[in-house]
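Below is one structure, written out as structure tokens, with a few remarks after it.
The values are calculated or read from the model by the stated rules, or taken from the named source; none is laboratory data. If you're wondering where the values come from, they're calculated on a predicted model, not measured in any experiment. As a convention, Cβ positions derive from the backbone with ideal geometry for all residues, glycine included, and neighbour counts pool all protein chains shown.
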Amino acid sequence: MTPSEPKSLSPLADQIIDKAIDNVNRKLVAGYRNKNNSRPNAKTADYKSTAKDTLKSASAKDTIEVSNRGAEWREMIEKTVTHGISSLKSIQFDGTFTVENGKPEGLDKVPNKPGIYVVYDKQGNSVYVGDSVKLRSRWYAGHLNENAQKTKAGEPYKLNKEFEEGCTVGYVEMKSEEAAAAAEAHLIAKERPRLNKREELKTEQGKRANIEGKKMKESSGGTASLARGAAKEAAKNSGWIVFEQLSTAIVKALKDELVDIFKGGETRLSDRIERFFKKVWSVLEGIIKAPFQLLKGIFEFIVNALSKTIRQIHLLARNLFDLAQSTWKLFKGAKTMSTEELVQKISETIITSSTLILWNALDAIIEAQLTPLVGPFAPFLAAAISAIGFGLSAHYLQKFVPQIVDFIVNFKLHYTGALEAKKEACEELIVVSERNFELVELLGEYHESSRLMVVEAAEHTKKLNEHTPIEKFDINKLLNS
């Protein structure tokens, strides 16, 4: 018995549902990758806690943070080169301030941004290393306030002696909390300052910033080891993107079968299973056959690890990568396609890429507006709304984009024809020029041969004159004879 064709939804409805699946799956995968660990160092797994932590982190903000994670590695590599943060012997500070008699001098100039700091006593010995998300606040509301409170209570504060006798504090500004935590933990582990009682980021961490910081700390021996750590994370990122594509394909394949069942499809169970696995395998096969897909995660990670600009527009970078792939395929196949096929393919690429960029950007804005109204359901409701918007936008663009593309392609083809005619005319001109050049060369040879003949004739005349000299004509002599 031949399996019947599966029943399906209308193209627009199918497109909207597929986009919703893409959005929700992307947020869930990003949520899992960016979740905090509510049970650090636990000896048993708790899937309920894992699911809860994942749902808490399934937002557009977390998706952005996952995509930008390479930027934290870039900062660590950059600061190791420019500021020597791998050792207190090589560290170069962005600025310093002093504390004496419990009063700070120059602290107001310290930025209220993430960073690390090192406290040196009166003799110039490093005694304490710390980090903070807000450097200036950490000192005013933290160290200095705690010292004043404990002094009133008659209790010793860990930095009281240094604050009274006088100390110098050097700081390095960092862009991310994760990089600051990693740099602090590395310096404490390596230098063992006297007043740091414990090693930071030593065991499994609960907070996401510290989980990422721990990875960087363990690679912070120098620039080379940080580069190796970044490469390892890039490979992991590639694996996660492949997982995201496969999980999305599985959900879409299940959706297609459920639609067929509810619409009265009569396909046997064995045929449904075979059809399901064929769809999943086709996606896997496509990933294997297209090396760009396997390199996509590495591409994203490395771009974010090395570029300051693309960090701000990571979604655009990802979609431009897809657009570049599609355009390259079109370019390679353009000569074998009919004009109609070329117009259709280019239109699909433009419509899909432009609507993806627009609605992926709007997704985060919609989610932010919905959060006060629906709380934890905001990411998933925003995903559905952006999917509907994507589908309707794509449907609307399909009405006139192909007409524009058709005009451009036809113009390009006519232009190419004109260009070929011009090329042929140029080739004819080149041939004529070459012939003229050959003629000039022949004239030159003729001129040279004529000149040589004149020279030779003059030389022969001279020689003849030497052997048989000609006497001067004397008229008087002739008359007297």
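Within the range 49-65, the set of residues being of a type in the set (A, V, I, L, M, F, W, C) and touching a Gly at 6+ places or on another chain (Cβ under 9 Å) comprises 55, 58. Residues that are under 30 Å from residue 74 (Cβ atoms), at pLDDT 95 or above and either among the acidic types (Asp, Glu) or crowded, with 22+ Cβ neighbours inside 10 Å (or both) do not occur anywhere in the range 154-168. If you go through the range 252-270 and keep only what is surrounded by 15 or more Cβ atoms within 10 Å (Cβ to Cβ) and part of a helix (DSSP H, G or I), you end up with 252, 253, 255, 256, 257, 259, 260. Across the range 223-240, not a single residue is classified as touching a Phe, Trp or Tyr at 6+ places or on another chain (Cβ under 7 Å), of a type outside the set (A, V, I, L, M, F, W, C) and over 22 Å from residue 68 (Cβ atoms).
Residue pairs whose Cβ atoms lie under 8 Å apart, sitting 6 or more positions apart in sequence or on different chains, and linking a residue in the range 142-160 that is in contact (Cβ under 8 Å) with a residue 40 or more places away in the chain to a partner that is part of a loop (DSSP other than H, G, I, E, B), are 144/102; 147/102; 147/157; 147/159; 148/102; 151/102; 151/157; 159/195.
Counting only helices (runs of 4 or more DSSP H) wholly contained in the range 276-390, the ones carrying 2 or more residues that are within 15 Å of residue 64 (Cβ to Cβ) and modelled with pLDDT of 75 or more occupy 339-374. Being closer than 23 Å to residue 210 by Cβ and assigned to a helix (DSSP H, G or I) is a property that residue 66 has. Looking for something surrounded by 21 or more Cβ atoms within 10 Å (Cβ to Cβ), modelled with pLDDT under 95, outside any helix (DSSP H, G or I) and in contact with a helix residue (DSSP H, G or I) (Cβ under 6 Å, 6 or more places away or on another chain) - is there at least one such residue anywhere in the range 80-91? Yes.
Of all residues in the range 215-244, those being crowded, with 17+ Cβ neighbours inside 10 Å and of a type in the set (S, T, N, Q) number 4. A single member of 204, 244, 191, 178 is among the acidic types (Asp, Glu) and under 30 Å from residue 18 (Cβ atoms), and it is 244.
Total residues in the range 100-110 satisfying the condition of being in a helix (DSSP H, G or I) and not basic (Lys, Arg): the figure is 2. Report yes if some residue within the range 31-49 is within 30 Å of residue 171 (Cα to Cα), at pLDDT 90 or above, assigned to a helix (DSSP H, G or I) and touching an Asp or Glu at 6+ places or on another chain (Cβ under 8 Å); otherwise report no. Yes: the range 31-49 contains one or more residues that are within 30 Å of residue 171 (Cα to Cα), at pLDDT 90 or above, assigned to a helix (DSSP H, G or I) and touching an Asp or Glu at 6+ places or on another chain (Cβ under 8 Å).
Check whether at least one residue in the range 36-52 is under 28 Å from residue 378 (Cα atoms) and surrounded by 20 or more Cβ atoms within 10 Å (Cβ to Cβ), and report yes or no. Within the range 36-52 (the criterion being under 28 Å from residue 378 (Cα atoms) and surrounded by 20 or more Cβ atoms within 10 Å (Cβ to Cβ)), the answer is no, since none of the residues qualifies.
One line per residue, one yes/no per condition, for (1) surrounded by 15 or more Cβ atoms within 10 Å (Cβ to Cβ); (2) outside any helix (DSSP H, G or I); (3) of a type outside the set (S, T, N, Q); (4) in contact with a strand residue (DSSP E or B) (Cβ under 6 Å, 6 or more places away or on another chain):
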{"residue": "72", "(1), (2), (3), (4)": "yes, no, yes, no"}
{"residue": "98", "(1), (2), (3), (4)": "no, yes, no, yes"}
{"residue": "112", "(1), (2), (3), (4)": "no, yes, no, no"}
{"residue": "119", "(1), (2), (3), (4)": "yes, yes, yes, yes"}
{"residue": "130", "(1), (2), (3), (4)": "yes, yes, yes, yes"}
{"residue": "143", "(1), (2), (3), (4)": "yes, no, yes, no"}
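Under the condition of being within 15 Å of residue 56 (Cα to Cα) and free of Cβ contacts under 8 Å to residues at least 60 places away in the same chain, the residues counted in the range 373-384 number 4. Among the residues of the range 192-212, those identified as surrounded by 16 or more Cβ atoms within 10 Å (Cβ to Cβ) and farther than 19 Å from residue 39 by Cβ are 193, 196, 200. Screening the range 70-91 for residues that are under 11 Å from residue 179 (Cβ atoms) and of a type outside the set (A, V, I, L, M) and picking the one that is farthest from the chain's Cα centre (by Cα) gives 80. If you go through the range 364-393 and pick out every residue that is closer than 19 Å to residue 31 by Cβ, under 28 Å from the mean Cα position of the chain (by Cα) and among the polar types (S, T, N, Q), you end up with 1.
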